[in-house]
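Asker: Once you've had a glance at the structure underneath, I'll fire off some questions.
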Amino acid sequence: MRIPLSAPEITERDIEAVVRVLRSGSLSLGPQLEKFERGIRDYVGVGHAVAVNSGTSGLHLAMRALGIGEGDEVIVPSFTFVAVANAVCYVQAVPVFAEVDAETLCLDPAMVETAISPRTRAILLVHTFGCPADVSAIMDIAKRHKLFVIEDACEALGAEIDGRKVGSFGDVGVFAFYPNKQMTTGEGGMVVTGDREIASGIRSLRNQGRRDSQEWLQHADIGYSFRLTDIQCALGSEQLKRIDSILRRREAVAKSYHRRLRGNPNLILPQLRLPRHRISWFVYPIRLADRFTREDRDWIMQQMQKRGIGCGRYFAPIHLQPAYRTATFRKTNLSFTEHIGERTLALPFFNRLSDDQIADVVATLLGLLGKVCLR
């Protein structure tokens, strides 16, 4: 792809930080792990942070640490990445798919309320595309029904509500650092919480069930090998130093797209601003107007890819995925999720995307859109 969908930003200082760890000989469970955990803990404003090997693993361990298990129900959106529902299934719980809000594309609190049953144990809200969900309303619902709240902030590092970072509101928050995210450790994630016992449990589970006070070959829990290496943590700490400039640059990219696409009657654009919220831009998702079809969207995507421009159908609803044809789940009315799932397209989006590249993407998109309109 001459313009990829995403691209990590790796600087010389990032490389130097990684090389220093390689030369140190301390590659796992060492000082860089503790440094990175402290950095994320302080940045998000929580009591505890536990590094893991992916955001998916973080969601899985959150389920385990909260005691969610077989037959329990967890309310999730279907318009999100499949890992959200997979993590529920990993503990033999049942995902309950609820509808999303038309403005934020995050869980709609009213629909969450209707999805609750006597078996519901938790709400797993996702800050979709880096846009904060309606945390206040969802936390109120959870409090009334005595439910846990897990924040999937994997796409939303740095997003805020009233100056408070997302990930710090629920019982547990989870971040991810895959190469397409705002900052990266290659693969990796972080679980954050204000609860010492939850943090202790997650630390044990990520490291084969070893408790801090026990010797290496003693295992208190049936755990996993979900550790994050010091190599990756060194990269994460270096990138975290410039997270504010990264977020400003990504916001500038979103504004550049918006300036070139606004006013087009064939497109529905994401909100640039929401009251009291700071968006942490993960991707720039556009939606074809209602009169267009999934076939129109897919044709445009294929034609852009043929021209060397990366794009993706963010998101294909989870409940319609082949993997979930035989899975156990429950769902509410998801007509809006299905509607937008057929018309949404993510455009190239990364820190160093230039204005000339954005102009190229937009010109190609609008040209193809014009051809669709003439068909």
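The values are calculated or read from the model by the stated rules, or taken from the named source; none is laboratory data. In this text the structure is predicted, and so the values were computed from the model without any measurement. Every residue, glycine among them, receives a Cβ derived from its backbone with ideal geometry; neighbour counts consider all protein chains shown. Ligands, DNA and RNA are excluded from the accessible area calculation, which covers all protein heavy atoms including side chains. Shrake-Rupley method; radii C 1.70, N 1.55, O 1.52, S 1.80 Å.
Asker: Report the convex hull volume per residue for region 264-375, counting only C-alpha atoms, in Å³.
Answerer: 157
Asker: What is the extension gain from residue 216 to residue 326, computed as 0.36 nm multiplied by their sequence separation minus the C-alpha to C-alpha distance, in nm to one decimal?
Answerer: Once the chain is fully extended between residue 216 and residue 326, it gains 35.6 nm.
Asker: Over region 225-375, give the accessible area per residue in Å² for a 1.4 Å probe, as an integer.
Answerer: Result: 46 Å² of accessible area for each residue.
Asker: Rounded to the nearest Å, what's the spacing between the alpha carbon centres of region 260-339 and region 39-74? Just the number, please.
Answerer: 27
Asker: Could you tally the net charge around residue 346, taking each other residue with its Cβ under 13 Å from the Cβ of residue 346, Lys/Arg +1 and Asp/Glu -1?
Answerer: Net charge around residue 346: +3.
Asker: Name the residues of region 97-119 whose amide N is less than 14 Å from a point 7 angstrom out from the Cα of residue 144 along the C-beta direction?
Answerer: 109-117
Asker: Please report the base-10 log of the normalised intensity I(q)/I(0) for region 199-318, using a Debye sum with one equal scatterer per alpha carbon and no solvent, at each q in 0.12, 0.13 (1/Å).
Answerer: At q = 0.12, 0.13 Å⁻¹ the computed log10 ratios are -0.76, -0.81.
Asker: Right, something else. Charges only on Cβ, +1 for Lys and Arg, -1 for Asp and Glu: so what's the dipole of the chain about the Cα centre, in debye to the nearest 20?
Answerer: 740
Asker: Residue 354 to residue 34: FRET efficiency via 1/(1 + (r/R0)^6), r the Cβ-Cβ distance, R0 45 Å, to the nearest 0.05?
Answerer: Between residue 354 and residue 34 the formula returns 0.75.
Asker: What is the local net charge at residue 247, summed over the other residues whose Cβ is closer than 11 Å to its Cβ (Lys, Arg +1; Asp, Glu -1)?
Answerer: Value of the local net charge: +2.
Asker: Working out 0.36 nm times the residue gap between residue 114 and residue 259, then minus their Cα-Cα distance, what length gain in nm do you get to one decimal?
Answerer: Length gained between residue 114 and residue 259: 48.4 nm.
Asker: Also, quick follow-up: Using all Cα-Cα distances in region 1-83, what percent lands in each 10 angstrom bin from 0 up to the longest?
Answerer: 12, 28, 34, 20, 6
Asker: Tell me, Kirkwood radius of region 87-174 from alpha-carbon pair distances, in Å?
Answerer: 13.1
Asker: What is the local net charge at residue 33, summed over the other residues whose Cβ is closer than 12 Å to its Cβ (Lys, Arg +1; Asp, Glu -1)?
Answerer: Net local charge, residue 33 excluded: +2.
Asker: Follow-up question, since we're still on this one. For region 196-292, with the dipole built from +1 on Lys and Arg beta-carbon atoms and -1 on Asp and Glu ones, taken about the Cα centre, which of 201, 234, 289 lies farthest toward the positive end?
Answerer: 289
Asker: List the pair-distance distribution P(r) of region 168-252, using every Cα-Cα distance, as the percent of pairs falling in each 10 Å bin from 0 up to the bin containing the longest distance, rounded to whole percents.
Answerer: 16, 37, 34, 10, 3, 0
Asker: While we're on this one: Taking the Cα centre of region 128-222 as the origin and placing charges on Cβ (Lys, Arg +1; Asp, Glu -1), which of 173, 157, 218 is farthest toward the positive end of the dipole?
Answerer: 218
Asker: Run the numbers for residue 374 and residue 195: contour at 0.36 nm per residue of separation, minus the present Cα-Cα distance, in nm.
Answerer: Fully extending the segment from residue 374 to residue 195 adds 58.6 nm.
Asker: To continue, here is another question. Taking a cut-off of 37 Å, what percent of all Cα-Cα pairs in the chain are separated by more than that?
Answerer: For the chain, the share of Cα pairs beyond 37 Å comes to 20 percent.
Asker: On the protein heavy atoms, probe 1.4 angstrom, tell me the percent of accessible surface of the chain carried by carbon and sulfur.
Answerer: Carbon and sulfur together cover 49 percent of it.
Asker: Using the charge dipole of region 246-342 (Lys, Arg: +1 at Cβ; Asp, Glu: -1 at Cβ; taken about the Cα centre), state which of 320, 336, 247 has its Cα farthest towards the positive end.
Answerer: It is 247.
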